[in-house]
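Before I ask anything, here is the structure I am working with.
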Amino acid sequence: MSSHILVCPFRKDVFTRFEEKTFVIRSDDPNEIASIPQAVRDSNNTLHSVFLTLDTPLSRISSFEEWKGIPLSLQVPEIGDFLEFAKRLHIVQGLNLRVFLPLEKEENYLSLRILSSLCIRTTIVFGGRDIDWETLSDLVTYALLGKVPHAGIEPFHHIAETYAADRRTEIGTVYFDDPSRYLHLDDRGNVSLTSGDLSAGRFIAESISDLPDLENCPAYLERLDTWKDSLLQGADCACCEGWRICLGRFSSRRNHSPGCKRFFTEFIELVEQYQSMREKLGVPCRA
Amino acid sequence: MANVLLTQRCVRSCPYCFAKKHISDSSPDDLLSWENLIYLADIFELSGERNMSLLGGEPTLHPLIAEFLVYLLKRNFVVRIFTSGIMSEKTLERIGIALDDVPDDRVTFICNFNEPQNSPSSLAEVESVKRFLKSFGNRTVPGFNVYHPEFRLEFLFDLINEFGLKRHIRLGVANPIPGRNNSFVSPEEMATVISRIFDYAPLFERFRIKPGLDCGFPLCMFSDENLGWLYRHTGGVSRFGCAPVIDIGPDMSVWSCFPLSSIQRKSIFEFDTLQDVVRFYNRMMGAIRMEVGGIYEKCDDCAFREECACSGGCAAHLLSRFQEEARVRVPEVYL
């Protein structure tokens, strides 16, 4: 069996079927988070991260203290009342936490910057709404060239660290959604290659044990090649300089052009500037 | 400590207002944005500056004053807020939430007062200031700007005692704003003003309140006896300089200080650090002082000035004078 990290709901009957595997546990119940690490350890598996999705703003979460030491990815709709949130900031800053904020809410462009400047790691969730490319461009400039140390804003930092001009850059990793690293299980153990496939009920096997040779599984190999789609379809993205980063991911959006092209082209320039700065500082990027 | 203006709006119209020229040249709708506050916090931090003063207009009119305050505290800044104390109950309450559990030395208010007899306020304004002082008196230093020689300070001693304010009075002297008709203390009135300040020496001593002199006072106008008293009662911290303060507007424009806000205004984005800004405006000040040494003719060959013990009064007096002469000086000194 492959060394993929398995993403599954917090169902003991799912992850206790395995041993010595690494898990991302999905949950939407803040009260069960504290018990997840022990449950995963008891089943002789390793916890990579807990992915908690909540409908409540960050400012209304009161259980931060119970989450100390747990690698936690927390998706919330917004920060909420900043004064309220600030009261718990010192606890939040001490957590192994990454906050996922959707761009569905316009205010989150700013919230990402505020959290980052307060040393809280964040990840952008692009969602379905049109993207404000200009504001996003300001945000990536801050993320990569901000004057003082601040927490990373993903996927910008991942791209800046791993980008190389001669190969593709995969951003799905920061969303636990990269088929070359993660497999998704539903509560019955059915296997999907991405979270989107899982939601749509598209499975490649009924159980991981049905995939002894994943690297040669046709569906898997086909999925790994989906980056070629926009090139084969001859879409605008095929001749865009920024494609090396976006891989045509935003081509289906209403406002993807020309803002998208300008954004990703500038992004590459920023990444090159970032990497050359890191090189000068003697801290070369992973690329 | 550089100053950051959160808004141009103000609830008062003081006759001496040193921000008058700047405010009239700017849009009253300018409000400092979150993004720009973060940028400024970054540039302050990069410059090693951990103190930030928030000004206006009236900074508490900014709708995000409480959020900004908390943010700066979380970024480990020490914050001073220059206010009139006139604010809505809601703003006062939000600031109260922001300052809950924050040590007194992390946030100080400089509350500027005008003489009640010369600048009568409405009952609502008086009540608002009293509410503010009841809530934050322990964090508040009273400030007073002298703009005529017949000023009276008794009411400040009363306020300090009634509301438990910090036992310190910040005394500024109003300077001319080139291009505006504001009230100010002329060089000829300076000796009278200083003498009047020292008329209050017994009250300062009796109530154990320390005076603090803002910039623009010329050293030569103080007698040795005055200087001795100041040394004894201020711990020797009085300075007689005129140097760039550095004010940053809500639109991120930057200038040396309010009286000089009309000349050599730049954008903060043109500089990498606050030290770069100070260097730039020091050069500008140098150019002004090369033209005329100070506010008095005797400043040109004054030993105190040569030894940098005094700057020769506020450069705004010189600039105002230059505007009325034939334009024969270096171009930097004209509006």
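The values are calculated or read from the model by the stated rules, or taken from the named source; none is laboratory data. Keep in mind the model is a prediction, meaning the values are calculated, not measured. Virtual Cβ from ideal backbone geometry, glycine too; neighbours counted across all protein chains shown. For the accessible areas, the whole protein counts, side chains as well, though only heavy atoms, and no ligand, DNA or RNA atoms are used. Shrake-Rupley method; radii C 1.70, N 1.55, O 1.52, S 1.80 Å.
Scanning segment B:48-76 for residues that are crowded, with 19+ Cβ neighbours inside 10 Å and in a loop (DSSP other than H, G, I, E, B), which turns out farthest from the other protein chains (Cβ to nearest Cβ)?
B:57
Residue B:335 versus (1) surrounded by 12 or more Cβ atoms within 10 Å (Cβ to Cβ); (2) touching a residue at least 12 places away in the same chain (Cβ under 8 Å); (3) not β-branched (Val, Ile, Thr): which is the lone unmet condition?
Condition not satisfied by residue B:335: (1).
Looking at segment A:79-108, which of its residues are of a type in the set (Asp, Glu) and away from chain B (no Cβ under 14 Å)?
Within segment A:79-108, just A:104 meets the criteria.
Against the condition within 14 Å of another protein chain (Cβ to nearest Cβ), of a type in the set (S, T, N, Q), touching a residue at least 40 places away in the same chain (Cβ under 8 Å) and open to solvent by 20 Å² or more (accessible area, probe 1.4 Å), how does residue A:141 come out, does it pass?
Spelling it out, residue A:141 is indeed within 14 Å of another protein chain (Cβ to nearest Cβ), of a type in the set (S, T, N, Q), touching a residue at least 40 places away in the same chain (Cβ under 8 Å) and open to solvent by 20 Å² or more (accessible area, probe 1.4 Å).
Please state which of the following conditions residue A:109 fails to meet, knowing it meets all the rest: (1) in a loop (DSSP other than H, G, I, E, B); (2) modelled with pLDDT of 95 or more.
Status for residue A:109: all satisfied but (1).
Next question. Return yes when residue B:301 is modelled with pLDDT of 90 or more and either open to solvent by 60 Å² or more (accessible area, probe 1.4 Å) or closer than 30 Å to residue B:51 by Cα (or both) and no when it is not.
No, not satisfied.
Yes/no matrix, rows are residues, columns are (1) under 23 Å from the mean Cα position of the chain (by Cα); (2) surrounded by 12 or more Cβ atoms within 10 Å (Cβ to Cβ); (3) under 24 Å from residue A:271 (Cβ atoms); (4) in contact (Cβ under 8 Å) with a residue 60 or more places away in the chain:
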residue	(1), (2), (3), (4)
A:191	yes, yes, no, no
A:203	yes, yes, no, no
A:213	no, no, no, no
A:217	no, yes, no, no
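Could you check residue B:93 against (1) closer than 26 Å to residue A:150 by Cα; (2) open to solvent by 30 Å² or more (accessible area, probe 1.4 Å); (3) at pLDDT 95 or above and say which number it fails?
It fails just one condition, (1).
Give the residue that is nearest to the other protein chains (Cβ to nearest Cβ), with candidates limited to residues of segment B:77-88 that are open to solvent by less than 10 Å² (accessible area, probe 1.4 Å) and either free of Cβ contacts under 8 Å to residues at least 40 places away in the same chain or in a strand (DSSP E or B) (or both).
Among residues in segment B:77-88 that are open to solvent by less than 10 Å² (accessible area, probe 1.4 Å) and either free of Cβ contacts under 8 Å to residues at least 40 places away in the same chain or in a strand (DSSP E or B) (or both), the one nearest to the other protein chains (Cβ to nearest Cβ) is B:77.
For segment B:276-291, give me the residue count where each residue is modelled with pLDDT under 90 and open to solvent by 20 Å² or more (accessible area, probe 1.4 Å).
So the answer is 5.
Read through the list (1) in contact with a strand residue (DSSP E or B) (Cβ under 8 Å, 6 or more places away or on another chain); (2) closer than 25 Å to residue B:84 by Cβ; (3) open to solvent by 20 Å² or more (accessible area, probe 1.4 Å), then give the number of the only condition that residue B:173 fails.
(3)
Do we find that residue A:124 is within 11 Å of chain B (Cβ to nearest Cβ), of a type outside the set (Lys, Arg) and under 16 Å from the mean Cα position of the chain (by Cα) in this structure?
Here the answer is no, as residue A:124 does not meet what is asked.
Next question, about the same structure. Considering every residue within segment B:113-123, establish whether at least one is open to solvent by less than 50 Å² (accessible area, probe 1.4 Å) and over 28 Å from residue B:230 (Cα atoms).
yes
Tell me which residues, restricted to segment B:262-272, are open to solvent by 30 Å² or more (accessible area, probe 1.4 Å) and under 22 Å from the mean Cα position of the chain (by Cα).
The answer is B:262, B:264, B:265, B:266, B:267.
Among the residues of segment B:310-333, count how many are out of contact with any helix residue (DSSP H, G or I) (no Cβ under 6 Å at 6 or more places or on another chain) and of a type in the set (Gly, Ala, Ser).
The qualifying residues number 4.
Could you grab me the full set of residues in segment B:98-112 that are away from chain A (no Cβ under 14 Å) and exposed (fewer than 11 other Cβ atoms within 10 Å of the Cβ)?
Within segment B:98-112, B:103, B:105 meet the criteria.
Got a sec? Which of A:195, A:251 is modelled with pLDDT of 80 or more and open to solvent by 20 Å² or more (accessible area, probe 1.4 Å)?
A:195
Same structure, new question: Taking only segment A:62-93 into account, find how many residues are in contact with a Ser or Thr (Cβ under 6 Å, 6 or more places away or on another chain) and farther than 24 Å from residue A:104 by Cα.
Going through segment A:62-93 one residue at a time, the tally reaches 1.
Let me ask you something else. Within segment B:36-47, can you find the residues that are crowded, with 17+ Cβ neighbours inside 10 Å, of a type outside the set (Phe, Trp, Tyr) and within 10 Å of another protein chain (Cβ to nearest Cβ)?
Those that are crowded, with 17+ Cβ neighbours inside 10 Å, of a type outside the set (Phe, Trp, Tyr) and within 10 Å of another protein chain (Cβ to nearest Cβ): B:37, B:38, B:41, B:42, B:43, B:45, B:47.
Does residue A:134 fit the bill of being modelled with pLDDT under 95, away from chain B (no Cβ under 14 Å), assigned to a helix (DSSP H, G or I) and surrounded by fewer than 18 Cβ atoms within 10 Å (Cβ to Cβ)?
no
So, restricting to strands (runs of 3 or more DSSP E) that lie completely within segment B:89-204, which ones have at least 2 residues that are touching a His at 6+ places or on another chain (Cβ under 9 Å)?
Because the criterion is at least 2 residues that are touching a His at 6+ places or on another chain (Cβ under 9 Å), the strands (runs of 3 or more DSSP E) in segment B:89-204 that meet it are B:140-146.
So, in segment A:144-177, of the ones that are within 14 Å of another protein chain (Cβ to nearest Cβ) and not hydrophobic (A, V, I, L, M, F, W, C), which residue ends up surrounded by the most Cβ atoms within 10 Å (Cβ to Cβ)?
A:150
Which one of these is modelled with pLDDT under 80 and of a type in the set (Gly, Ala, Ser): B:24, B:47?
From the options B:24, B:47, the qualifying one is B:24.
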